[in-house]
1. Return the pair list, or none, for Cβ contacts closer than 9 Å from residues in segment A:152-170 that are farther than 15 Å from A:Phe110 by Cα and part of a loop (DSSP other than H, G, I, E, B) to residues that are modelled with pLDDT under 90 and open to solvent by less than 30 Å² (accessible area, probe 1.4 Å), at least 6 apart or on different chains.
2. State yes or no: is A:Asn134 polar (S, T, N, Q) and within 22 Å of the chain's Cα centre (by Cα)?
3. Going by what's in this entry, would A:Ile58 be described as of a type in the set (Val, Ile, Thr), part of a helix (DSSP H, G or I) and open to solvent by 70 Å² or more (accessible area, probe 1.4 Å)?
4. Report yes if some residue within segment A:195-211 is among the small types (Gly, Ala, Ser), surrounded by fewer than 19 Cβ atoms within 10 Å (Cβ to Cβ), more than 23 Å from A:Met47 (Cβ to Cβ) and within 14 Å of chain B (Cβ to nearest Cβ); otherwise report no.
5. Just to be sure before I move on: is A:Pro112 in a helix (DSSP H, G or I) and open to solvent by 40 Å² or more (accessible area, probe 1.4 Å) in the structure I sent?
6. Considering (1) open to solvent by 40 Å² or more (accessible area, probe 1.4 Å); (2) at negative phi, say which one A:Thr138 fails and leave the rest.
7. Does any residue of segment A:267-277 turn out to be under 16 Å from A:Phe118 (Cα atoms), of a type in the set (S, T, N, Q) and more than 12 Å from chain B (Cβ to nearest Cβ)?
8. Within the group A:Leu84, A:Leu48, A:Leu52, which residue is in contact with a Leu (Cβ under 8 Å, 6 or more places away or on another chain) and open to solvent by 70 Å² or more (accessible area, probe 1.4 Å)?
Amino acid sequence: MINALSLLTQAAYAEASDGGFSAPSIDEFYPQVIAFQGTWFELDRIMLIRLLVMTALIVLFWLWSSKFKKSYKNNILVPSRFQLMGEISLNFVRKNIAHEQLGEKDGERFLPLLTTIFFLILGMNITGIIPFLNIAGTSRIGLPVVLAAVAYVTFIYAGVRKHRMKFFTANLFPAGVPKAFYVLVTPIEFLSTFILRPVTLALRLTMNMIAGHLLLVLCFSATQFFFFNAEGFFKLFGAGTFVFGFAFTVFEILVSFLQAYVFTLLTTVYIQLALADEH
Amino acid sequence: MDVNNIAELSGNIAVVGYGLAAIGPGIGVGLVVSKTIESIARQPELASKLQVTMWLGIAFTEALALIGLATPFIFV
């Protein structure tokens with residue numbers, strides 16, 4: 001890891017020093033440390049953005065829930081615009097993800113967790129395209145790892161609570177397979193269920209955000225390079241890269257929503273598979 | 001003309017590796033989506049259910065490309 005980083009850093013410096021185009025590198029995601037250097041609580045731009053998003057989410061949901069409570073108490077049947085926004089977004093997770101996959105009863109049980117995961121990821125992703133923040137809170141592996149660990153613990157808990165030890169045996173020794181094949185099937189099942197599931201959850205989110213951010217940086221730094229450093233006819237390319245950068249910004253909005261949806265949906269499906277009765 | 005330097009390439013071989021790693025998932029995602037579109041065309045009332053399955057299929061297929069993207073950072 002450190003090897004790769006130092007290589008990339010050298011390459012970036014070498015390119016930047018001769019006044020040419022400097023390509024974005026993985027260093028984008030390790031910005032300058034602002035405070036508490038050397039301790040466990042190092043603050044840099046990404047950490048500050050995460051704290052900001054967390055505060056914003058707490059305030060938003062506090063406002064929403066107090067609004068819901070007030071209109072419920074006063075029997076106001078027509079919601080205001082702000083309240084409607086909250087109802088639609090909360091209902092999206094509730095109806096389209098939880099109830100659809102888990103059913104009403106289990107859906108309600110796991111709803112708080114799923115709602116938290118969805119809105120946390122959406123909030124952290126969307127900072128990637130907000131001007132002046134410009135980097136997603138999920139673009140460094142720490143936060144996705146925590147969320148994947150939560151999902152991992154939850155689906156194992158759901159399975160063990162319902163099927164006890166049969167959860168593990170049913171997953172590792174699937175029914176209907178000839179006994180001799182368990183030599184092959186069990187390691188594969190173990191790998192795919194208990195190792196690859198959380199790893200891909202975390203990697204999918206992080207890598208999507210990293211790739212998106214690098215694409216945006218590439219487009220806009222190329223625009224800057226073409227406009228100010230290129231000569232003659234090549235300046236025209238800048239317009240092209242600028243349009244592409246704009247298109248990718250719109251695409252990033254879609255991706256940040258989609259990743260939040262996919263992460264929550266996969267967590268739900270893993271829980272649903274753990275709860276399923278057929279084994 | 002310098003014979004030793006007719007076609008020089010500079011850069012990282014890992015880029016070619018990632019290009020290769022992206023082929024499979026690219027085809028895979030294409031297949032998933034095309035089959036979903038086909039099924040929705042045959043049975044439009046199942047569209048919402050099929051779409052959920054489609055996103056799951058895409059998520060699993062795409063994971064391979066993303067593992068490819070992550071590998072250079074870990075193993076280089």
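The values are calculated or read from the model by the stated rules, or taken from the named source; none is laboratory data. Computed from a predicted model, the values in this text were never measured in an experiment. Heads up, the Cβs are rebuilt from the backbone with ideal geometry, glycines too, and the neighbour counts pull from every protein chain shown. Calculation scope for accessible area: heavy atoms of the full protein, side chains included, ligands and nucleic acids excluded. Shrake-Rupley method; radii C 1.70, N 1.55, O 1.52, S 1.80 Å.
1. none
2. Values: polar (S, T, N, Q): yes; within 22 Å of the chain's Cα centre (by Cα): yes.
Judged against the criteria, A:Asn134 is a match.
3. Details: of a type in the set (Val, Ile, Thr): yes; part of a helix (DSSP H, G or I): yes; open to solvent by 70 Å² or more (accessible area, probe 1.4 Å): yes.
Yes; evaluated as a whole, the condition is true for this residue.
4. Here is the first cut: in segment A:195-211, the residues among the small types (Gly, Ala, Ser) are A:202, A:211.
Next cut, surrounded by fewer than 19 Cβ atoms within 10 Å (Cβ to Cβ) only: A:211.
Within this subset, residues satisfying the condition of being more than 23 Å from A:Met47 (Cβ to Cβ) are none.
The answer is no, given that none of the residues of segment A:195-211 is among the small types (Gly, Ala, Ser), surrounded by fewer than 19 Cβ atoms within 10 Å (Cβ to Cβ), more than 23 Å from A:Met47 (Cβ to Cβ) and within 14 Å of chain B (Cβ to nearest Cβ).
5. Numbers: in a helix (DSSP H, G or I): yes; open to solvent by 40 Å² or more (accessible area, probe 1.4 Å): yes.
Judged against the criteria, A:Pro112 is a match.
6. Only one criterion in (1) open to solvent by 40 Å² or more (accessible area, probe 1.4 Å); (2) at negative phi is unmet by A:Thr138, namely (1).
7. So in segment A:267-277, the residues under 16 Å from A:Phe118 (Cα atoms) come out as A:267-271.
Within this subset, residues satisfying the condition of being of a type in the set (S, T, N, Q) are A:267-268.
Keeping just the survivors that are more than 12 Å from chain B (Cβ to nearest Cβ) gives none.
Within segment A:267-277 (the criterion being under 16 Å from A:Phe118 (Cα atoms), of a type in the set (S, T, N, Q) and more than 12 Å from chain B (Cβ to nearest Cβ)), the answer is no, since none of the residues qualifies.
8. On the way: A:Leu84 fails: in contact with a Leu (Cβ under 8 Å, 6 or more places away or on another chain); A:Leu48 fails: in contact with a Leu (Cβ under 8 Å, 6 or more places away or on another chain).
Every option except A:Leu52 fails the conditions.
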